[in-house]
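Take a look at the structure below.
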Amino acid sequence: MFKNRNVAQIFENIVGKDNFSEDPAIISSYSVMQLSEAFGAPLGMKSKNAFPHLQIGGVILPRSTEEVQAIVKVCNKYKITYKAHSTGLWLFFVPTREESLIIDLSQMNRILKIDDKNMYAVIEPFVTGAQILAELRKKGLTCHVIGAGSQASILASVTSFCGMGHTSITTSGNPRNCLGEEWVLPTGEVVRWGLVEEGKAGYPGIGYRGIARGAFGSAGGLGVYTKCAIKLYPYPGPSEPEITGEGSSLGWKVPDNFRIHLIGFPTPEKLADFNYKITEAKIAYMAWTFVTAYYAGKWTETNEEMYEALKKYEETGAIDKMKQTIAVITAGYTEKELKYKEKVLNDIIKETDAEEVLKYGIMTQFDLERFFLHAITAYKACTVFREGNGYMGGGGLQYLNVDRLVKVGYKGYNEIVRKGVQEGIASDYGPDVNWFGPEEQRPLGHIEFIMRTDRWDPELCKKHGELVREANEFCIKEKLLGTGDHGVFVAMSERNVHQHLGNYFDYKRKIKEALDPNDVGDPMFYIGIEKDLKITL
Amino acid sequence: MLNRLEDYRRDLYQCGRCGYCKWVNAPVMKSIEYSKICPSYADGKFHAYACGGKLNIAWCLLEGNFDYTDKMLDAVYRCTLCGGCEMSCNVIQGNRIANNEVLHALRVKCVEDGQILPEHQAMIESLKKEDTPLVGESKAKRGDWAEGLGLKDATREKVDVLFHAGCRFSFDEDLRDIVRADATLLRGAGVNFGIAGREEACCGGRAFHMGFMNEIEKYADDMISKIKISGATKLVTPCADCYGNFKYYYPWIERNLGIQILHITEFVDQLIKKGKLKFKKKVPMRVTFHDPCHLGRLGENYETWNGEWKKVRNHLIISDPPRPLHTGADGVYEAPRTILKAIPGLDLAEMERIKVNTWCCGAGGGALEAFPDFAFRTAMERIKEAKATGAEALVTTCPWCERNFKNALEESGSKFKVYDITELITMAKEK
């Protein structure tokens, strides 16, 4: 509840009584999320509740950009920290200051435009990947959906975060797909740039993507984004899946113009070479690592089923075939196109001493359909929560040279997680735990390691956090743009990686000072105006 | 068995705020317009109204972070317990969260702590006095729907099938022709069946959904007793709500009716398949079918679980024995469709949200009585979706759905029609 009752009344006047709440139960529904232990425990946080120690002021539901502006201006006037979120999957939506205002953007949920000729769309914050994919498929288009899954907001990753997805080899990542924003600045003024401003003189004009996003997204610390324009890509598949299976066990009958390959490599070096070659040849529609930890969760419906699958893979030796394995999906608009791509792919497989691992009986036809359904719709990303008692990942490097990424980062991450397994910190999901993929048909890539632990146990969470820090130090040492703790953009990381990123943080701070003079945008996951920001998680 | 809320801490903790509980299963999502699965969240807007939000509220309540508030009760009770969240969540979380059990356990705790909505209190009072939660109705009139049909009294005579009308069909005069036609169908098929008539009592489901444990136990025992007295080996009911309570919810209180339970559509479907029911009269109409929650998602046999969680491979958590998944896959979806497809001239157009992904009508869980505005908006959302198919009418097979749809259509002044499937059967039967 806000101590200043006038402020509460003003907020209510802006959005209406039904769209503002100071009720402790309503606030508490926003307070708990699963990553709070992952990142909070190493910092001393003791509870599942992300902010039990904070008195949050209230939650507000704006319905328009004008309402957002009005809210932000009030926050400036009365020095109230605000934190906006859309679908709110990650830790970054959590407010970290006393009497913060949570701005829930869920009422801003429209697809405003799909321009299939010029291949862009304009969307509001609460449009999820699943929603826009359903509409885009009707037009033979797709967009980038990050690894968090299609239930997450697209605008969030376009404006405030980053990350690869299954289609990154075609669709890059959303930092690069941002073609415009309607950006409510931390002061409450609004800037519109790019393709959200159709009809304006000089359209589409210069862009402010660099200032708005920084390297990794502003993570809720630099105003509120109320619209964005995103780049769209061709999608050669059917508008609706031919669903197989029932209940939670669903598949998509693989269309005739798609081919799925699971390709294993004897060494990470060969995997790196492969990535060079397929991106040079521009033949893959989708490509990402297909490691045990990943796929055992994606087409099993329960952890019990997953456990049996992992046992079977070990007993048959298939688990070794799944190291350095990449899934490649080719697609063609014509038979000739597909045939060409397949031929080139087969040549590259030979050149890199690779082999197709499906022949080892890893998956049934229905498993393949379940896998394909997830590949296209990205709907099962959050099974990591089921598998790992919560997502406990680490790492996070994007647009890096795939050679170093695979030869150094890939191996290094596997070693760190293997160490975690041996020390009883991490679950054992096989020898390869990397979520990696090439981007933009270029030898650039992204990598994260997926390490699960039991987040019910605060000591384990703490040790997990220490391993993540170790991964961060490894990245710095190997000059892999350290984001070992999933957030170089987390202000606290500044201390860890400052020397590695030159004057990046200095300029980030200048931007924050210039645009948010009253320091009301929650700085915790962006940057603080003061250098030694006190961590309040 | 339904546990106490504190015994579900692992379930509460498991929520990762993926938000899946708000949406239709992504693989079958056809448009942004019809992408929501949760009427409570669609209406309440704050995350507190989604299942994930309620799990968080439950956690914080157990932690003592706050005491009960009106807004909290609004979030807890402005919900039909339609099962959509569990279906969607289980696709991602597997069996790690028993969403529906947790939501019921939360309500049971609210009731135990005296946090009862006045509308629900009135329903419970009516239940105690008149064996029905329909306020204003009298037990003395319960059997009136069967007047003149000459049906057997199953409390006095042995029968093969016990026909359970349910409260809504027993008292709602607008729907009387439907339940009479259903009974007539059974008689026409030569079934040896009877009814409890005035002695029939509520199945107890509505009380349970509002958080009252004692009442459902009492009425389940009454049901078991009536079955025993009748000697029936099958129970047929035209009420999807009762059907779901018998099959899905009674196991939660460790009650088993011990006989086969059929919804009227399952029974008619069997008649059609055996060639005992043929439709010769055309019904030239374009219709769409609404899957009642309690027939589909909440119409499968529920297996309760009281096993253990254990760790393998360091920290992979599995259940022992394996906890069942509840995705609604084994509910009744095809029987009504078979019937509709068998009616000549009828054109069945499907909505986007069907079967396990059905959008709730808005009537269940005590929501219709306590939040008629919410029930209205939820029904209108479904009617909008029905109209979008080009259908002239919405067909369903649950009296609660029908009552809520009819109320909404009347309130909105719409001429759009709602039929029970039995009404179409009646139209199509050869005279």
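The values are calculated or read from the model by the stated rules, or taken from the named source; none is laboratory data. In this text, all values refer to a predicted model and were calculated from it rather than measured experimentally. Virtual Cβ from ideal backbone geometry, glycine too; neighbours counted across all protein chains shown. Ligands, DNA and RNA are stripped out before the accessible areas are found, and what is left, the full protein with its side chains, is counted by its heavy atoms. Shrake-Rupley method; radii C 1.70, N 1.55, O 1.52, S 1.80 Å.
Quick notes
- Whole-angstrom Cα spans of the stretch A:88-222 along principal axes, big to small: 47, 37, 28
- Note: relative contact order over the stretch B:33-188, using C-alpha pairs below 8 Å and six or more positions apart, is 14 percent.
- A:N503-A:V191 FRET efficiency (beta carbon distance; Förster radius 25 Å; 0.05 resolution): 0.55
- With all projection directions averaged, the alpha carbon convex hull of the stretch A:293-440 covers 10.0 nm².
- Given A:K270/A:K321; A:K113/A:K231; B:K226/B:K274; B:K45/B:K71; A:K113/A:K227; A:K139/A:K341, the pairs whose alpha carbons are separated by over 19 Å: B:K226/B:K274; A:K139/A:K341
- Annotation: per residue accessible area for chain B equals 34 Å², rounded to a whole number [probe 1.4 Å, protein chains only].
- Peptide packing for B:243-250, A:450-457 was compared via the average number of neighbouring C-beta atoms within 10 Å per residue; ordered from the highest value, the list is B:243-250, A:450-457.
- Neighbouring partner chain Cβ atoms per residue of A:423-433, average, 10 Å criterion: 2
- Taken one residue at a time, the phi angles of the stretch A:86-102 give Karplus couplings (6.51, -1.76, 1.60, θ = phi - 60°) of 9, 7, x, 6, 9, 4, 5, 7, 6, x, 10, 10, 4, 6, 6, 10, 8 Hz. Gly and Pro are set to x.
- Its residue count N fixes a reference of 2.2 N^0.38 Å for chain B, and the Cα radius of gyration divided by that reference is 0.95.
- FRET efficiency for A:Y203 and A:K139, using Cβ-Cβ distance with R0 set to 22 Å, rounded to 0.05: 0.45
- Contour excess over end-to-end distance, with Cα ends at B:R377 and B:K341 and 0.36 nm allotted per residue: 10.0 nm
- Cα gyration tensor category, rounded, prolate or oblate, for the stretch A:150-235 with a/c compared to 1.5: oblate
- Element breakdown for chain B at a 1.4 angstrom probe: carbon and sulfur atoms account for 47% of the accessible area.
- Considering only beta bridges that DSSP places wholly inside the protein assembly as shown, some 65 percent are antiparallel.
- Nearby aspartates and glutamates by direct alpha-carbon distance to A:K277 (threshold 12 angstrom, same-chain neighbours under 8 apart not counted): A:D347, A:E351, A:D403
- When the trypsin sites (Lys or Arg not before Pro) in the stretch A:162-206 are filtered for DSSP coil states and for at most 15 other beta-carbon atoms within 10 Å of their beta-carbon, the remaining sites are A:K200.
- Those Cys residues of chain A for which no other cysteine Cβ falls under 4.7 Å: A:C75, A:C143, A:C162, A:C178, A:C228, A:C461, A:C475
- Note on the stretch B:313-431: the alpha carbon radius of gyration divided by the globular reference 2.2 N^0.38 Å gives 1.34.
- Peptides A:278-288, B:145-155, ordered by how many other C-beta atoms sit within 10 Å of their residues on average, highest first, read A:278-288, B:145-155.
- Translational D in µm²/s for the stretch B:45-99 (Stokes-Einstein at 37 °C, 0.692 mPa s, Kirkwood Rh from C-alpha pairs): 274
- Stretchable slack from A:T364 to A:M1, in nm (0.36 nm times residue separation minus alpha-carbon distance): 125.2 nm
- Within chain B, helix-based [θ] at 222 nm, where runs of 4 or more DSSP H residues each add -39,500 (n - 2.57), nearest 500: -12000 deg cm²/dmol
- Ellipsoid semi-axes for chain A, based on the Cα gyration tensor and the rule √(5λ), read 38, 27, 22 Å when sorted largest first.
- Of the trypsin sites (Lys or Arg not before Pro) found in the stretch B:258-352, those that fall in a DSSP loop while having at most 13 other beta-carbon atoms within 10 Å are B:K274, B:K276, B:K278, B:K280, B:K281, B:K282.
- Residue-by-residue Karplus 3J(HN,Hα) for the stretch B:215-224, coefficients 6.51, -1.76, 1.60, Hz, glycine and proline x: 5, 5, 5, 4, 6, 5, 5, 5, 4, 4
- With a 10 Å cut-off around each Cβ of B:30-43, the average count of Cβ atoms from other chains is 3.
- Global geometry of the stretch B:368-425, whether rounded, prolate or oblate, following the gyration tensor of its Cα atoms and the 1.5 cut on a/c: oblate
- Protection proxy ranking, peptides A:93-105, A:74-86, average beta carbon neighbours within 10 Å, highest first: A:93-105, A:74-86
- Prolate/oblate/rounded call for the protein assembly as shown, Cα gyration tensor, a/c under 1.5 rounded: prolate
- Compared with its chain on its own, the stretch A:353-389 contains the following residues whose accessible area drops by 50 Å² or more in the full protein assembly (probe 1.4 Å; ligands, DNA and RNA excluded): A:Y379, A:F385, A:R386, A:N389.
- Amide H to amide H distances under 5 Å link B:V395 with B:T288, B:F289, B:H290, B:Y419, where only residues 5 or more positions off or on other chains count and H is placed in the peptide plane.
- Across the stretch B:239-250, rounded Karplus estimates of 3J(HN,Hα) from the backbone phi angles (6.51 cos²θ - 1.76 cosθ + 1.60, θ = phi - 60°) give 9, 4, 4, 4, 3, x, 5, 5, 8, 9, 9, 4 Hz, Gly and Pro being marked x.
- Here r is the Cβ-Cβ distance between B:K281 and B:E33 and R0 is 41 Å; the resulting FRET efficiency, rounded to 0.05, is 0.70.
- Within the stretch A:308-404, chymotrypsin sites (Phe, Trp or Tyr not before Pro) in DSSP loop having at most 15 other beta-carbon neighbours inside 10 Å: A:Y333
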